[in-house]
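Below is one structure, written out as structure tokens; comments come after it.
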Amino acid sequence: MQAAARVFGARGYAGATTDVVAQEAGISQPYVVRMFGGKDNLLVAVLERARNQVLTTFRQVLEDAGSQAGAEELAPRLALAYVDLIEDDTIQMALMQGFLLGHHPVIGPCARRGFTDIYRLLRDEADFGPDMARDFLAQGMLINTVLALRIPAEHDVDPTARELVQECFGKKAGLVLRATAAQQARQIGTPAD
């Protein structure tokens, strides 16, 4: 799953193949097909894994905060926990692939289900009102976009990028910059390889 998430994140849906996933995982391509039935089902499994990681992380924050914590106290804790998840860029990039494929007949329903599951958790379990849940998700989408565009990689050379990284990530900016550098160091090949 980790290998598939890396391949989909690096190459996108169109550029990913079960053969490339198999090579990345060090297994045979027929084994990947036997396990998942094809590329669509493999991406669905990757998306479900990413959604589950976000939901599990958020539920842990809620549990740690206790039942007395209000939505205003929970929002920054949940945001920090989400930023921590970017250390594993496969989560964020998998989610972005799902957002891009909302029109796809197999992947779209899975991506929508994941997004609404997170919204429901914020609304029902964290007691965010609809407006607060919307604003939280909007901030999350900004974070996803900044990361997907690799704006943190421009931090040292572009003052606007530096400002945007600081505004999005605050005290977690250092973590984001370290994670970005690590991701660049281990980035798998592009379709031109």
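In region 26-37, which residues are among the hydroxyl-bearing types (Ser, Thr, Tyr) and part of a loop (DSSP other than H, G, I, E, B)?
Once the filter is applied, which keeps residues that are among the hydroxyl-bearing types (Ser, Thr, Tyr) and part of a loop (DSSP other than H, G, I, E, B), region 26-37 yields only Ser28.
Could we say that Leu142 is modelled with pLDDT under 95 and open to solvent by less than 80 Å² (accessible area, probe 1.4 Å) here? Lay out the reasoning, then the answer.
Details: modelled with pLDDT under 95: yes; open to solvent by less than 80 Å² (accessible area, probe 1.4 Å): yes.
Considered against the rule, which asks whether it is modelled with pLDDT under 95 and open to solvent by less than 80 Å² (accessible area, probe 1.4 Å), Leu142 comes out as yes.
Residue-wise test of (1) closer than 30 Å to Asp127 by Cα; (2) over 18 Å from the mean Cα position of the chain (by Cα).
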site: Ala10; (1), (2): no, no
site: Val32; (1), (2): no, yes
site: Gly37; (1), (2): no, yes
site: Val54; (1), (2): yes, no
site: Val61; (1), (2): yes, no
site: Leu78; (1), (2): yes, no
site: Glu87; (1), (2): yes, no
site: Met93; (1), (2): yes, no
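Please go through region 24-34 and pick out each residue that is open to solvent by 30 Å² or more (accessible area, probe 1.4 Å), under 23 Å from Met96 (Cα atoms) and not acidic (Asp, Glu).
Passing the criteria: only Ala25.
The values are calculated or read from the model by the stated rules, or taken from the named source; none is laboratory data. The model shown is predicted, which means the values in this text are computed figures rather than measured ones. Side chains are part of the model used for accessible areas, which takes the heavy atoms of the whole protein and leaves out ligands, DNA and RNA. Shrake-Rupley method; radii C 1.70, N 1.55, O 1.52, S 1.80 Å.
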